[in-house]
Every structure is written in C-alpha cells, then in structure tokens.
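Below you'll find the structure, written out as structure tokens, and then a few comments.
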Amino acid sequence: MTMKNKVAMITGAASGIGRAVAEQLAAQQCQLCLVDQNADALEALAETLGKQVKVITSTGDLSQADFVENVVAQVEQQFGRLDYALNNAGVTSPAQPLHELTLETWNSVLGVNLNSVFYGLKAQIPLMLKSGGGSVVNTSSMLGLVATQNRAAYVTSKHAVTGLSKAAALDYAQQNIRVNSVHPGYIETPLISHIDQQMLIQKHPIGRLGTPQEVAELICFLLSEQASFITGAQYVIDGGYTIQ
Ligand SMILES: NC(=O)c1ccc[n+]([C@@H]2O[C@H](COP(=O)([O-])OP(=O)(O)OC[C@H]3O[C@@H](n4cnc5c(N)ncnc54)[C@H](O)[C@@H]3O)[C@@H](O)[C@H]2O)c1
C-alpha cells in the first residue's frame, strides 16, 4: 500500500477512530488535513505527525456548511488536490425514548452525524473530480444497520449515512470516485467511555470491544487503491454484534 504524496482530509481527527486513521495514513507518507473542534488535541496530533508528513489543521464546527466549505478550499490552496476523505466526526445522543427527545437534541445530533457528511461530500467531490478521482469513507455504525433502544436520533443519523454513502457512490461510480461506509461495533474511544463497559462487551460475540486501530486498518484499506473495485459497500467491523 503506497500513499506517498497523496492528500487526505479527516474529520473528527483529534480523537478515537479519526486519530488512528491519521496516524496510519501518516505512516504511509500521506499528507493530511485534520479537522476537529478540539483545538488543543488537534494541534498536539498535528505537531507529532508533522514530523513525518505535511499536515494542516482546521478547528471548527463541522455541522456548519460554510466551515466545511472553507476547509476544502484550504485543502485546494495548500495541496492543490484531494485523494482521500474520511467523514467521521460524530456525537452520541442522550439515552431517552423518542418522545422525550427535544428538537434541539434531534437537530444537533443530525447536524453533526448526518449533515456534516453531506457538507463534506458536497465540497470534497468537486475537488476530487478536478484531481482525477478519489476515495471517500463515511463513518456510520452498526447502528446504521440495526437499531438499539432509546437512541433514535443517533440510529436515524447513522442509517442516513449508510444511504447517503450508497447514493454518492452511484452518482460518481463512472468518475473514478469511490464512496463506502464503515459500521463499527462499540470501539474503545472517549465517545462511549461514559457507558458501562462490561454491558457493552456482552453485546459482542467476540468478547471484547474493538480498538480504534482495528477500525483504522479497514478505513485505510478502503481509501487505498487496493480497494479499487469496492464502492457503495457497507463494511461491518463489529466483533459479531450484528450477526445475532
Ligand atoms: N466509539 C464507538 O463505539 C463507535 C461505534 C460506531 C460508530 N462510531 C462512530 O465513529 C466516529 C468517530 O467516533 P469516535 O468513537 O472516534 O469518537 P471520539 O469522540 O473519540 O472522536 C470524535 C471526534 O469528533 C469531534 N467532533 C464531534 N463533533 C464535532 C463537530 N461538530 N465539529 C468538529 N468536530 C467534532 C470530537 O471533538 C472528537 O475529536 C463517529 O461518527 C461515531 O459515531 C463510534
């Protein structure tokens, strides 16, 4: 797998899965645009990875369309191309039955988990078309394929990412842009550290949670040329969560 001098944009790059992908792409000599709202963590990561490859960062709220547009404009200005995109930033929704969800919560979960992916694709694809093609991975979830109780906003947002990824894959299949979604089970990241870990482990036949590095391996494969015939696919990486 060679990614030397390719350019990747990663959202939600300061932590968890996004961070692990940034580390693995940097190890492949891929240049990076790292995006997150957590400025301190983002800068610390950029400083480390900047010793290996060219890294630019952008701090802001990905649920705002103009912010995402500006990030991609910066990528074009700094690198002149975009080869890979990982639309990955996400938030959980509070555990409550659907009728108790406020409109504010609904809109904010959908704003990050779904709208930011749409804003990403909408801005990234024109630059990829100019660059001769590219590969996009959107981070959905096993909850983009099956539901769980009391998480209607999260489940809806992740199912929508599954559909959006397939729709985008179809629109650009003949223009050398591939779009796939990944569907992790519970992964050891800060996103889920507030939930009872033993309870989560029991949901996975494999008997443990996943690691960000395991998910990153899959994402880097899907981004790479090795996955050149794979588009519109939904890749489950969930320790067996959804086979039950
Ligand atoms: N951890 C899991 O168990 C799990 C399971 C399935 C899917 N996922 C999905 O994987 C993706 C990555 O999650 P993670 O587990 O690495 O979580 P994480 O909390 O470790 O990382 C998410 C990052 O996204 C950033 N972010 C959130 N909202 C943002 C916004 N509005 N603007 C800019 N940045 C924002 C956060 O600052 C954080 O750095 C998410 O889409 C999540 O839904 C996670």
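Some values worked out for this structure:
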quantity: Close pairs from region 83-97: first without any contact (Cβ under 8 Å) to a residue 24 or more places away in the chain, partner outside any loop (DSSP other than H, G, I, E, B), Cβ under 7 Å, at least 6 apart; calculated: Pro94/Thr105
quantity: Filtered residues of region 28-45 (kept if open to solvent by 10 Å² or more (accessible area, probe 1.4 Å), touching a helix residue (DSSP H, G or I) at 6+ places or on another chain (Cβ under 9 Å) and within 22 Å of Ser224 (Cα to Cα)); calculated: Gln28, Gln31
quantity: Residue list for region 131-152, filter: within 13 Å of the ligand (Cβ to nearest atom) and in contact with a Leu (Cβ under 6 Å, 6 or more places away or on another chain); calculated: Val137
quantity: Scan of region 78-104 for residues that are of a type in the set (Ser, Thr, Tyr), under 22 Å from the mean Cα position of the chain (by Cα) and open to solvent by 30 Å² or more (accessible area, probe 1.4 Å), ordered by number; calculated: Thr92
quantity: Residue that is nearest to Asp83 (Cα to Cα) [pool: residues in region 1-22 that are open to solvent by 70 Å² or more (accessible area, probe 1.4 Å) and either within 12 Å of the ligand (Cβ to nearest atom) or not aliphatic (A, V, I, L, M) (or both)]; calculated: Asn5
quantity: Options Ile177, Ile187, Ile192: the member that is open to solvent by less than 70 Å² (accessible area, probe 1.4 Å), at pLDDT below 95 and within 22 Å of Leu218 (Cβ to Cβ); calculated: Ile192
quantity: Count of residues meeting criterion [open to solvent by less than 80 Å² (accessible area, probe 1.4 Å) and over 13 Å from Met142 (Cβ atoms)] in region 195-209; calculated: 5
quantity: Meets criteria (more than 10 Å from the ligand (Cβ to nearest atom) and open to solvent by 20 Å² or more (accessible area, probe 1.4 Å)) for Val55; calculated: yes
quantity: Any chance Ser141 is touching a Pro at 6+ places or on another chain (Cβ under 7 Å), closer than 16 Å to Ala233 by Cβ and open to solvent by less than 10 Å² (accessible area, probe 1.4 Å); calculated: yes
quantity: Among the residues listed as Leu223, Leu209, Leu170, Leu218, the single one being away from the ligand (no atom under 11 Å from the Cβ) and without any contact (Cβ under 8 Å) to a residue 60 or more places away in the chain; calculated: Leu218
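The values are calculated or read from the model by the stated rules, or taken from the named source; none is laboratory data. Treat the numbers as computed from the prediction; the structure is a model and nothing was measured. Positions of Cβ are backbone-derived with ideal geometry, glycine not excepted, and every protein chain shown enters the neighbour counts. Heavy atoms of the whole protein, side chains included, go into the accessibility calculation; ligands, DNA and RNA do not. Shrake-Rupley method; radii C 1.70, N 1.55, O 1.52, S 1.80 Å.
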